[in-house]
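Chemist: Below: one structure in structure tokens.
The values are calculated or read from the model by the stated rules, or taken from the named source; none is laboratory data. Predicted model only: the values in this text are computed from it and were never measured. Glycine gets a Cβ as well: all are built from the backbone with ideal geometry, and neighbour counts include every protein chain shown.
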């Protein structure tokens, strides 16, 4: 069924996590469509995503918290959780590399996040 198609490489949490997630997500969606897997259930697509993303992504998935109207096997919800995760990681990366000067407003440090 899904043979003959290039599978996405695992999701990397090193370097620019935002770019890594963007690339992985695009490759994942292309793979689902090319392999005729895009019509599968949300649970199946979520399992495929986690399998292709790798063990670190699975560990992160296991930490996600869901509201009463969210399901852990809804692929759209899971992808949004990963997108939220990569934004958090990006903020950590930016703040860990910025030298904070005394009496500087926090908004100045947040500007790179919105670029």
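Chemist: All but one of (1) at pLDDT 90 or above; (2) surrounded by 11 or more Cβ atoms within 10 Å (Cβ to Cβ) hold for residue 85, so report the exception by its number.
Modeler: (1)
Chemist: Report yes if some residue within the range 61-71 is assigned to a helix (DSSP H, G or I) and either at pLDDT 85 or above or surrounded by 14 or more Cβ atoms within 10 Å (Cβ to Cβ) (or both); otherwise report no.
Modeler: Yes, because at least one residue in the range 61-71 is assigned to a helix (DSSP H, G or I) and either at pLDDT 85 or above or surrounded by 14 or more Cβ atoms within 10 Å (Cβ to Cβ) (or both).
Chemist: So which residues in the range 46-60 are in a helix (DSSP H, G or I) and under 18 Å from residue 14 (Cβ atoms), if there are any at all? Quick ask: steps written out before the conclusion?
Modeler: We begin by selecting, within the range 46-60, every residue in a helix (DSSP H, G or I); these are 46-53, 55-60.
Of everything in the range 46-60, those that are in a helix (DSSP H, G or I) and under 18 Å from residue 14 (Cβ atoms) turn out to be 52, 53, 55, 56, 57, 58, 59, 60.
Chemist: What is the number of the single condition among (1) surrounded by fewer than 16 Cβ atoms within 10 Å (Cβ to Cβ); (2) modelled with pLDDT under 90 that residue 43 does not meet?
Modeler: Residue 43 satisfies all of (1) surrounded by fewer than 16 Cβ atoms within 10 Å (Cβ to Cβ); (2) modelled with pLDDT under 90 except (2).
Chemist: Do you know which residues across the range 12-28 are surrounded by 15 or more Cβ atoms within 10 Å (Cβ to Cβ), part of a helix (DSSP H, G or I) and touching a helix residue (DSSP H, G or I) at 6+ places or on another chain (Cβ under 9 Å)?
Modeler: Step one: list which residues in the range 12-28 are surrounded by 15 or more Cβ atoms within 10 Å (Cβ to Cβ), which gives 12-13, 17-18, 20-21, 23-25, 27-28.
When the remaining residues are screened for being part of a helix (DSSP H, G or I), the result is 17-18, 20-21, 23-25, 27-28.
Result: 17, 18, 20, 21, 24, 25, 27, 28.
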